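To start, the structure under review is shown below, and the notes come after it.
Quick note: the coordinates plus some simple rules give every number you see, no bench work behind them. A quick note: this is a predicted structure, and the numbers were derived from the prediction, not measured. In this analysis, Cβ positions are derived from the backbone assuming ideal geometry, glycine residues included, and neighbour counts consider all displayed protein chains.
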Amino acid sequence: MAAPAVVDLELAPLSVADAPGLFAFEVKNRKWFESHVGPRPDAYWDLASLTEIVRDQVEAGEMMFLLKSGGKILGRLNLTAVDNGVAQLGYRIGQHHTGQGIATRAVALALQAAQDRGLWALEARVLLNNPASIRVLEKAGFIRTGQDIIGDLECETYRSDLDQD
């Protein structure tokens, strides 16, 4: 049976109060995520350590977001490594929430959030074995710019220049 469609997707800034829910989300989806992206550092798998990581990210003003519906975490999205108006886009959707257009809607929200914050481009890297994420980026207007290797993981790189009219 398919999961119900999500109609009220929210791009919520990450807060320290979110750490326990984020921890549960990450643990529940760990194997799924690690089949599509590189593994998280060991500190993510201890609630106290993860809470400190979140606290540091929040205090540093990093652009970390949770994707929520009805208060439930469905995924997360980050705009990181900002350099000269360009940020790296990263996102992950929980296994039981894939195939519902959530990633596509999340990337659209990210593009708007980036533009609202004065960024002029987003870049993303996608593992070659993740065609669903490649489709999400292409639907959002990202253009393939090349390939990269992160550690031992081969990725395709994508970019979206934002209209700053």
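Points to keep in mind about this one:
- Alpha carbon centroid spacing (whole Å) that separates the stretch 125-165 from the stretch 40-119: 16 Å
- Packing, as the average of other Cβ atoms within 10 Å across residues, places the peptides 71-83, 142-154 in the order 71-83, 142-154, highest first.
- The gain in end-to-end length when the Gln112 to Ile143 segment is fully stretched comes to 9.4 nm, 0.36 nm per residue minus the alpha carbon separation.
- Note on the chain: Cα convex hull, mean projected area over all directions, 10.0 nm².
- Dipole magnitude of the stretch 1-156 about its Cα centre (Cβ charges: Lys, Arg +1; Asp, Glu -1), debye to nearest 20: 600 debye
- Ignoring lysines fewer than eight residues from Lys139 along the same chain, the ones with Cα atoms less than 24 angstrom from its Cα are Lys68.
- The simple spin-label model puts a point 7 Å past each Cα toward its Cβ; for Glu154 and Leu128 those points are separated by 0.1 nm.
- Considering only alpha-carbon pairs that sit under 8 angstrom and 6 or more positions apart, the relative contact order computed for the stretch 28-85 is 18 percent.
- Positive-pole candidate from Gly61, Ile134, Pro41, dipole of the chain, charges at beta carbon: Ile134
- For the pair His96 and Arg135, the difference between a 0.36 nm per residue extended length and the Cα-Cα distance amounts to 12.2 nm.
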